[in-house]
1. Scan the range 621-634 for residues that are over 19 Å from ILE133 (Cβ atoms) and open to solvent by less than 30 Å² (accessible area, probe 1.4 Å) and report the count.
2. For the range 133-156, what are the residues that are crowded, with 23+ Cβ neighbours inside 10 Å and more than 13 Å from the chain's Cα centre (by Cα)?
3. For the range 709-748, enumerate the residues that are closer than 30 Å to LYS636 by Cβ and surrounded by fewer than 18 Cβ atoms within 10 Å (Cβ to Cβ).
4. Could you tell me whether any residue of the range 294-306 is modelled with pLDDT of 95 or more, surrounded by 16 or more Cβ atoms within 10 Å (Cβ to Cβ), charged (D, E, K, R) and touching a helix residue (DSSP H, G or I) at 6+ places or on another chain (Cβ under 8 Å)?
5. Provide a single number: the residues in the range 243-256 that are among the β-branched types (Val, Ile, Thr) and over 26 Å from the mean Cα position of the chain (by Cα).
6. What is the number of the single condition among (1) at positive phi; (2) open to solvent by 30 Å² or more (accessible area, probe 1.4 Å) that GLY369 does not meet?
7. Would you pick out the residues in the range 404-423 that are among the charged types (D, E, K, R), in contact with a Phe, Trp or Tyr (Cβ under 9 Å, 6 or more places away or on another chain) and surrounded by 13 or more Cβ atoms within 10 Å (Cβ to Cβ)?
8. Residues of the range 462-477 being out of contact with any Lys or Arg (no Cβ under 7 Å at 6 or more places or on another chain) and either open to solvent by less than 50 Å² (accessible area, probe 1.4 Å) or among the small types (Gly, Ala, Ser) (or both), which ones?
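The values are calculated or read from the model by the stated rules, or taken from the named source; none is laboratory data. Only a predicted model underlies this, so the values are computations on that prediction, with no experimental measurement involved. Every residue, glycine among them, receives a Cβ derived from its backbone with ideal geometry; neighbour counts consider all protein chains shown. Side chains are part of the model used for accessible areas, which takes the heavy atoms of the whole protein and leaves out ligands, DNA and RNA. Shrake-Rupley method; radii C 1.70, N 1.55, O 1.52, S 1.80 Å.
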Amino acid sequence: MAFRNLILLLLFVSLQSIAQNKYTLSGYVKDAETGEDLIGAAVIIKENNSSTATNVYGFYSITLAPGQYTLQFSSLGYQTYVQPINLNKDMSLQVKLQTKSQELKAVEISSEKSDANVKDIQMSVAKLEIKTIQKIPAFLGEIDLVKVVQLLPGVTTVGEGATGFNVRGGSIDQNMVLMDEAPVYNASHLFGFFSVFNPDAVKDVKLYKGGIPAQYGGRLSSILDVRLKDGNNQSYHADGGVGLLFSRLSVEGPLVKDKSSFIVAARRSYFDIFFPFARNKNIRQAQAYFYDLTVKMNYSLNPNNRIYLSGYFGRDAFGVGKPRFGFDFGNATGTFRWNHIYNSRLFSNVSLIYSNYDYLIGVGDDYDGFNWQSRIINYSIKPEFTYYHNPKNTIVFGGTSTFYDFDPGRLKFYSKGEKREMGDKSKYTIENALYAGNEQRINGRVSIQYGLRYTNFNYIGKGTAYYFKSAEPNIRKDTIGHQDFDSFELIKSYHQLEPRFSFKFEISDQSSIKAGYNRTTQNLHLISNTAASTPLDVWVPSTNNIKPQLSDQVALGYFRNFTENNTYETSLEVYYKNMQNQIDYIDGAELLLNKLLEGELMNGIGRAYGMELFLKKAKGNFNGWISYTLARSERKVKGINNDEWYPNRFDRAHNLNLVAMYTLNEKIEFGGTFIFSTGTPTTFPTNRIEFQGYVIPHNVYGSRNNTRIPVYHRLDVSATIHLKDKWQGKYKHNIVLSAYNVYARKNPFSIYFRGNPSNPTITEAIQFSVIGNIVPSIAYNFKF
């Protein structure tokens, strides 16, 4: 009933009536050189100062009274295009923007309109440009967009080389990472040092930390939406690079000029090619590498229909010894999309989505050995519609349905050809959602965005549901029985309503106040009690024993630009997030290959609150940003820490990031980053027990995360040298010199205690650092 009423509100109540003789202008805005759709390009009507922006497919629509108008199409990095029109009927206008000169492009670090942070209703949203990411120093000189995301306010990581990232006090599984709409369950290579995103194939990156629109759901903390390039539909091009660790190559071009294009991008590490030259036989036979392949193609069937097909395939593989002990993990995704224009005001996209993450550990073979594997697979369909009712109202509505196949873990033993198995059985779920939202401009200064998302999550058979006795907190629950269910038989169902609301008031042309509220629900849970996530962590669904996680977040922000051309952008945001049904574990919990895992889990509540300050210089030869976050993230679970609040493992009170980029001339560019953050919490023993000459650490108060490891800080620098163009300017290339951890700081990842090998009664504190030295690198990049 509530959802139906919202639809009626969106369609009939909230919209201002318009005269019957109004007409609609619509079309696409593209890059003239490549044919790529331009996301977020501004379309401005000079006569009445109304405006709109292109969607993620480059489509725009605006409805006006009949008359003579002057249209201005713009996107930073491109020349502004002005087109006068006589609007006397519904019209379609396709626009191609020319890029600015290389000198001008080099000094802009955003493709959005220069006052977007003040004028747009969105808050708690960050957009990253690939050309910006390419200028920031990177580990071993290899560009990584996830590492750049970690330089934004409100985003942290538990340590060097850790998988994933944390947003506003949330755990890493509370971030939805999307690649062309397909979820990526482990977005890392080499245990977190690199991400799965090939920068040569990425077009747009947007991070939602709050104010999440109704069309997004499934995670509590954030949405990282990564859109891939469509491919150049005008001419063939190649991009690539050779570094110390791996090389990459991408090729793109038209299949049918102006109608169809493709891009293929591949990467592979090659440090394992040196193994055959090692003296040690085991090393000579070892393997250690990762690779990924990103592909995409599109085809315009006619002016109103266009299809896209994209996919990602990547794995990490490690192996040593004979019989070989091996370990590999990886992702595979696929997305098919169909864009359809019903009329000048109604745009739709239907997506079919596949995603698979799995890992395998094994030794030996099917005669003598074992293998352990786990996986999560999902199949989704997502129809979405955008209705451009008038310049003041843009309505988005649609739905999604996803089938999940969870294999939490299965271990197979082989002895002389005989096989035995242990572990948990597969679990199956279906998640459905309906959503609707409207972005409404009340007047020239006030805008609101409101919506509602309804989620239905069903835990189904074929499978076994276990039931547990009540137990004291932090004590393993005993089973009281179980029940077997047939295929698709309902075991447990959950229903949630998720309201979303955002508000913007423009104080002046250069400043605004924004506020937002959103409720989010999460039915997928990552089971891990390690300091940082690992590829061996297990995904499980909400069941009859595991409740969905819920979050309510409110945020308030002040946004201010300086100088006439908005060279300096600033923002100050504060937020408070309340979380329910947060998972924690009893002491000594057995998390892997345990069919009674649900009896080892506990539920608690969480809270996160903080302040984020962001200052960005977006134009000029010297640009970059400063981000500072003051925040806390805490949990309260009955039976842990004496039932009192305790800091999360990823809680960092202070986070400071400095990012600087300087263009000396058209040949040389410099980049630098400095990171400072409070150490993460950890649990130390409060006393010790000596027994028969051995020392047993003991926490007499039962406190959780009662101290912190030392602060983290690091300086990285880089220099990009653009070499002389070849082949009449068609071949462009550069060399990137970089140094990671310039002053060789031994940042602690963790601290643990052990007995002295020569005298067990003496306890030693051991600090583990992932990287403790300067890491220089050189990379060669080319484009033709």
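1. Residues flagged as over 19 Å from ILE133 (Cβ atoms) and open to solvent by less than 30 Å² (accessible area, probe 1.4 Å) within the range 621-634 amount to 4.
2. LYS135, ILE136, PRO137, ALA138, GLY141, GLU142, ILE143, PRO153, GLY154
3. Listed by number, the residues that qualify are PRO710, VAL711.
4. The answer is yes, given that some residue of the range 294-306 is modelled with pLDDT of 95 or more, surrounded by 16 or more Cβ atoms within 10 Å (Cβ to Cβ), charged (D, E, K, R) and touching a helix residue (DSSP H, G or I) at 6+ places or on another chain (Cβ under 8 Å).
5. Total meeting the criteria: 1.
6. (2)
7. ASP405, ARG410, LYS412
8. Scanning the range 462-477 gives ALA465, TYR466, SER470, ASN474.
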